[in-house]
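Asks: Please find one structure pasted underneath; my questions will follow.
The values are calculated or read from the model by the stated rules, or taken from the named source; none is laboratory data. All figures in this text were calculated on a predicted structure; none of them were measured in a lab. FYI the Cβ positions are ideal-geometry reconstructions off the backbone, even for glycines, and counts take in every protein chain you see. In case anyone asks, the SASA skips ligands and DNA or RNA and just uses the protein heavy atoms, side chains included. Shrake-Rupley method; radii C 1.70, N 1.55, O 1.52, S 1.80 Å.
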Amino acid sequence: MTTLFVAVGSFVGFIVAYHTYGRWLSRKIFQLDKQAIVPAHELRDDVDFCPTDRQIIFGHHFTSIAGTGPIVGPAIAVFWGWLPALLWVVFGSIFVGAVHDLGALVVSLRNRGQTVGEVAGRLISPRAKILFLLVLFFALTIVLAIFGLVVASIFKLYPESVLSVWLVLPLAVCVGFWVYKRRGNIWGVSLIALGLLYAAVYIGCEYLPISLAGVSGNEWLNPIVLWTLALFVYCFFASVLPVWVLLQPRDFVNSLQLVVALVLLVVGIVVVGLTGEADIATSAPAIVKAADRPLDAPPIWPFLFITIACGACSGFHCLVSSGTTSKQISSERDAQYVGYGAMLTEGALAVIVILACCAGVGMGQFQRQTTAESGAVLQPYTLVAKETASGERLTGMAAWRDTYNLEAGWSNFRLGNMVGAFVDGGANFLAAIGIPLKLGVGIIAVMVACFAATTLDTATRLQRYVIQELATTMHFKPLQNKYLATLFAISLALMVALTRGPAGPGSGGLILWPLFGATNQLLAGLAFMVTLFYLWRRGKPVWFVAIPMVLMIVMPGWALALQMFAPETGWYAQKNYLLLGIGLVTMVLQVWMIIEALICFRKARGVLEQALPPLEPRPKTEVPEPALSTG
């Protein structure tokens, strides 16, 4: 019953928080106004600025901020025990992450959809704008390189997911044209697309797993490299196309698929919780004692707070809130539903991941059995239960310890291992409600791949905005062009991604992976700072922003300092001068921006920032077509 208690308690807590703390922030602090003119209407061009129904923009926002963050982060963090991970996810989502996302969204909405980096120039200082944009640029370069590797790795590990993930693209284009050009209802056509997607999941599992293994004997044309190239070609077009053509309908269909998968997982959790088939209390340790952790493991303080990012608070979310979402929100009142609500939904997903990686894995492990000599899944496979030496199925704490293999050390916690723990545990939950195990693996793998792919192309569009803003500030006209800015963003990410990394050619993103956690969370602290200045200049209370701001500056800064200068394991001690150099530059930029904020903090109280320049008159003949709606 512990499993069910954890799930129900967490979900009820999120619902109560939305209707109390979230409403207080929206109504009393930010005073969201239904009649306010929002950027989607004021600057509408139906390319980037496009007023959208809140159900659709919720789907875009949720799938974009989620990615694999709330999956990989909690899957790794249960290494310290499931209880610390659970507490940070629940309370972090409510009091830190959701406040961060809502604040960034509102500030951008009231500044013509500008990113928080650009808004920082008027709220704090012009230098702060440059500093913030540079931090965003470095952070997004890492995100693109890492998520390109993430999606490519999922395709390699789970070839049954490939057909569904790519099929959703033409389906989304059809949905967009049907709704936008033919003014059809989005629900009917989207449900048809969803049905075709799940049919593709079944076909991919049973008949058509798509693997690129063995297509070339050249090590530089391995599946990771080939999938990464294909993904970034797609990202170029996804970034420059109007949002209604691909981004909105794709995210809406994906969100429906994700909701179906999450509902199935929740039903599975209820069943196994009531029957006692899965018990998190006996399947995994609540807190792993220090003596049981490998010597190379980082301390729980402060590394828990940078390991679980998207499931509790993530700086990347401020980029989505102020980069794409603020340009599509149709009414200020929708900000609570989208900004605060989506973060709580992501917190619920992170809770499910913790349960799957502990209670789900404890239900029993299984492994693939194939006949391909290379080990690649080139044909339908069977799932075989892992057994002990005596022939008994590996379950409970033994299954969890075998999966996490603490004795192997911290280096054992790789992307494939952690995604695999969630997929295996989630498939066990689905099997409890009668879904065949192989199909369950396919459903969860497709969910993970869709999350990651959505984040990848959204990050490409966000990087294009950042590059254009930097180019405008520095008066470099060529990169103000959206096509050249996008090409530059993708080219730089590809250079990093396709470098020979720890796992061979195409794994270059892993080189920078150690930087991602701390850099991403420091970005959240800076976004809190921008929101704080917005409220401070208007004489509003700021304590509810100041506390999480300090947390998200101190903890990531502490973690980054340990990563750089720990006596034996730090980058300086290991002579890893690439990571050390980038880490130092990041730290300097962050500290410099904090100093800029402290200099102008006292004199900013009650003094409004400089107003935005007036807009140029729009052509009178322009009559925009209606955007996507659910009506």
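Asks: For G81, enumerate residues with amide H under 5 Å from its amide H, sequence gap 5+ or separate chain, H modeled in the peptide plane.
Replies: Hits under the 5 Å cutoff: V288.
Asks: I've got another one for you. Would you list which aspartates and glutamates come within 20 Å of K28, measuring only between C-alpha atoms, while excluding same-chain residues fewer than 8 positions from it?
Replies: D101, E332, D334
Asks: Binning at 10 Å from 0, report for region 230-352 what percent of all alpha-carbon pair distances ends up in each bin.
Replies: Final binned percentages: 9, 26, 31, 22, 11, 1.
Asks: Here's a follow-up. Amide H neighbours of T52 under 5 Å, at least 5 residues apart or on other chains, H built in the peptide plane: list them.
Replies: Counting only residues 5 or more places away or on other chains, the set is S330.
Asks: Under the 0.36 nm per residue contour assumption, what length would be gained going from the current alpha-carbon distance of D402 and I210 to full extension?
Replies: Full-extension gain reported as 66.2 nm.
Asks: Separate question: For the charge dipole of the chain, defined by +1 on Lys and Arg C-beta atoms and -1 on Asp and Glu C-beta atoms about the Cα centroid, which residue among A452, W220, I124 has the Cα displaced farthest towards the positive pole?
Replies: Of the candidates, I124 comes out farthest on the positive side.
Asks: Just the number please: accessible area per residue for region 1-155, 1.4 Å probe, all protein chains included, in Å².
Replies: Working: 4390 Å² over 155 residues.
The answer is 28 Å² per residue.
Asks: Please give me, ordered by residue number, the trypsin sites (Lys or Arg not before Pro) of region 1-107 that lie in loop per DSSP and have at most 16 other Cβ atoms within 10 Å.
Replies: Loop-located and lightly packed - K34.
Asks: Counting only protein heavy atoms and a 1.4 Å probe, tell me what percentage of region 425-520's accessible area is made up of carbon and sulfur.
Replies: That fraction is 72 percent.
Asks: Keeping every protein chain present and rolling a 1.4 Å probe, give me the accessible area per residue for region 435-550 in Å².
Replies: On a per-residue basis, 31 Å².
Asks: Which distance in nm do the two modelled labels at C600 and D292 give, with both placed 7 Å along the Cα-to-Cβ direction?
Replies: Calculated label separation equals 5.1 nm.
Asks: Separate question: Going by average Cβ neighbours within 10 Å, how do the peptides 488-497, 106-115 rank, with the highest at the top?
Replies: Per-residue Cβ counts within 10 Å, averaged per peptide and sorted highest first, yield 106-115, 488-497.
Asks: May I pose another question? Determine the shape class of region 141-241: with a ≥ b ≥ c the square roots of the Cα gyration tensor eigenvalues, call it rounded for a/c under 1.5, and otherwise prolate if a/b is greater than b/c, oblate otherwise.
Replies: The shape class here is oblate.
Asks: Let me ask another. Show which lysines lie in cross-link reach of K438 when reach means a straight Cα distance below 30 angstrom and same-chain residues fewer than eight apart are skipped.
Replies: Cross-link targets: K156, K386.
Asks: Continuing with the same structure: What number do you get for the chain when its Cα radius of gyration is normalised by 2.2 N^0.38 Å, N = residues?
Replies: Normalised Cα radius of gyration, the chain: 0.92.
Asks: Roughly how far apart, in whole Å, are the Cα centres of region 291-346 and region 136-160?
Replies: Going from one Cα centre to the other spans 18 Å.
Asks: Then there's this: Roughly what would the spin-label model give for K34 and N481, points 7 Å off Cα along C-beta, in nm?
Replies: 4.6
Asks: Which of the three applies to region 478-532, rounded, prolate or oblate, going by the alpha-carbon gyration tensor with a ≥ b ≥ c and a/c under 1.5 meaning rounded?
Replies: Taking the square roots of the gyration eigenvalues as a ≥ b ≥ c, region 478-532 is oblate.
Asks: Report the label-to-label distance for V260 and W543 in nanometres (one decimal), using points 7 Å from each Cα along the Cα→Cβ vector.
Replies: Using points 7 Å along Cα→Cβ, the separation is 4.8 nm.
Asks: List the lysines whose Cα lies under 24 Å from the Cα of K482, skipping any in the same chain that are fewer than 8 positions away.
Replies: Qualifying lysines at Cα under 24 Å: K129, K327.
Asks: FRET efficiency for K181 and V585, Cβ-Cβ distance as r, R0 = 45 Å, nearest 0.05?
Replies: According to the calculation, E is roughly 0.45.
Asks: Moving to a separate point now. Would you mind checking region 75-103 for residues with the amide N under 19 Å from a putative spin-label position 7 Å along Cα→C-beta of N417?
Replies: Flagged as within label range: 75-83, 85.
Asks: Something else now. Quick one, could you list the DSSP H helices from the chain stretching 27 Å or more along their long axis (Cα atoms) with average Kyte-Doolittle hydropathy of -1.0 or above? Could the numbers behind the result be given before it?
Replies: Details: long enough: 126-157 (46 Å, 2.21); 162-180 (28 Å, 2.19); 186-206 (30 Å, 1.71); 247-275 (41 Å, 1.76); 437-473 (54 Å, 0.92); 509-536 (40 Å, 1.45); 543-565 (32 Å, 1.86); 577-604 (40 Å, 1.68).
Helices passing the filter in the chain: 126-157, 162-180, 186-206, 247-275, 437-473, 509-536, 543-565, 577-604.
Asks: So if each residue of separation counts as 0.36 nm, and I subtract the Cα-Cα distance between L43 and L191, what length gain in nm does that give?
Replies: 50.1 nm
Asks: Okay, next question. What is the dipole size for the chain, taken about its Cα centre, with +1 at each Lys and Arg Cβ and -1 at each Asp and Glu Cβ, in debye to the nearest 20?
Replies: In total the dipole reaches around 1760 debye.
Asks: Give, in nm to one decimal, the length gained when the segment between Q610 and A385 is fully stretched (0.36 nm per residue of separation minus the Cα-Cα distance).
Replies: Separation in residues times 0.36 nm, less the Cα-Cα distance, equals 74.5 nm.
Asks: Taking amide hydrogens as modeled 1.01 Å from N in the peptide plane, which residues meet the under 5 Å criterion relative to A385, leaving out close sequence neighbours?
Replies: Q367
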